[in-house]
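Trainee: Quick one: the structure is below, questions incoming.
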Amino acid sequence: MNFYAIKAIYKFEMARTFRTLMQSIASPVLSTSLYFIVFGAAIGSRMGDIDGVSYGAFIIPGLMMLALLSESVSNAAFGIFFPKFSGTIYEVLSAPVSFVEVVCGYVGAAASKSIMLGILILITARFFVDYEILHPIWMLSFLVLTAVTFSLFGFILGILSNNFQQLQVVPLLVITPLTFLGGSFYSISMLPPLWQTITLFNPVVYLISGFRWSFYGVSDVNIGMSVGMTLLFMLICISIIWWIFKTGYRLRQ
């Protein structure tokens with residue numbers, strides 16, 4: 001394992017983040033803070049508890065997941081797309097590094113940014129609503145696992161995209177709607193039976209449910225199912241990335 005190569009790619013990507021601090025970190029935190037103000041402090045104070053948890057606290061895991069998924073995909077996608085766009089990807093491909101080291105560098109940096117963002121949002125939420133974390137180790141595990149998994153997905157998206165417009169399609173038209181419909185602002189048990197069944201086909205439900213369980217010990221689906229679905233999606237992403245580097249699809253073209 002060439003750790004120097006991983007470190008070089010990782011430091012380069014993290015340096016790009018700090019050069020665009022307002023766009024990469026401050027903007028998502030401010031946007032999420034508006035959700036806390038509107039739904040947590042204003043609307044939440046007039047709503048009843050959900051599964052014994054105040055509404056303002058109930059939506060914290062969902063809002064964190066909304067930001068985490070979007071930023072993980074976007075960070076990883078832009079990270080690998082820019083070298084493709086500028087042509088510097090050929091320098092990486094011709095260097096004595098394996099695809100594992102390339103992925104570790106780019107995905108590791110994207111996941112680190114998302115984890116930093118998630119922690120900042122968690123700290124910011126304390127200013128608006130009171131909450132507790134019953135299982136902090138599980139919470140951090142879900143945070144890291146989700147960031148890495150969707151950074152892998154974003155890495156694939158960055159390789160497959162031909163222009164900047166295509167980079168925006170999946171985060172805006174797929175990830176965000178699935179997150180909103182995945183129980184970010186409600187429990188799926190509040191839905192009619194038919195819609196509960198349909199909602200279970202949304203993979204984001206398992207992420208939000210498992211993450212919410214780590215906070216309050218309540219969830220819409222079994223915690224084992226949440227972990228299993230996340231790991232399955234991660235393995236699928238790793239397999240696709242391996243195939244892309246093996247065949248050179250959209251990398252050498």
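Trainee: Going by amide H atoms built from the backbone, whose H comes under 5 Å of the H on Ile50, apart from near neighbours?
Mentor: Answer set, sorted by chain and number: Tyr55.
Trainee: Applying the Karplus parametrisation 6.51 cos²θ - 1.76 cosθ + 1.60 with θ = phi - 60° to the phi angles of the stretch 192-197, what ³J(HN,Hα) value in whole Hz is obtained for each residue in order, glycine and proline being reported as x?
Mentor: x, x, 4, 6, 4, 5
Trainee: Only Cα pairs within less than 10 Å get springs; with that Gaussian network setup on the chain, which residue of Ala125, Ala26, Ala77 has the largest fluctuation?
Mentor: Ala26
Trainee: Within straight cross-link reach of Lys246, meaning Cα distance under 21 Å, which lysines are found once same-chain residues fewer than 8 apart are removed?
Mentor: Those lysines meeting the cut-off are Lys84.
Trainee: Could you sort the peptides 10-19, 204-213 by per-residue average Cβ neighbour count (10 Å cutoff), highest mean leading? Intermediate values should be presented prior to the final figure.
Mentor: Numbers: 10-19: 14.7, 204-213: 26.4.
Descending packing order for the listed peptides: 204-213, 10-19.
Trainee: On to the next question. Only four residue types carry charge here, +1 at the Cβ of Lys and Arg and -1 at the Cβ of Asp and Glu. Report the dipole size of the chain about the Cα centre in Debye, rounded to the nearest 20.
Mentor: Working: 12 positive and 9 negative charges, 149 e Å.
So the dipole magnitude of the chain works out to roughly 720 debye.
Trainee: With point charges of +1 on the Cβ of Lys and Arg and -1 on the Cβ of Asp and Glu, referenced to the Cα centre of the stretch 3-247, which listed residue (Phe180, Ile241, His135) lies farthest in the positive direction of the dipole?
Mentor: It is Ile241, whose Cα lies furthest towards the positive end.
Trainee: Return the aspartates and glutamates within reach of Lys11: Cα separation strictly under 15 angstrom, same-chain partners fewer than 8 residues apart disregarded; answer none if there are no such residues.
Mentor: Candidates past the 8-residue exclusion: Glu101.
Trainee: Distance from the Cα centre of the stretch 179-253 to that of the stretch 78-101, in angstrom?
Mentor: Centre-to-centre distance over Cα atoms comes out at 29 Å.
Trainee: I've got another one for you. ³J(HN,Hα) across the stretch 224-233 via Karplus (A = 6.51, B = -1.76, C = 1.60, θ = phi - 60°), whole Hz, x for Gly/Pro?
Mentor: Those phi angles translate into x, 5, 4, 5, x, 5, 5, 5, 4, 5 Hz.
FYI, it's all coordinate maths here, none of it is from the lab. These figures come from a predicted structure and were not determined experimentally. Neighbour counts run over all protein chains shown; Cβ positions are idealised from the backbone, glycine included.
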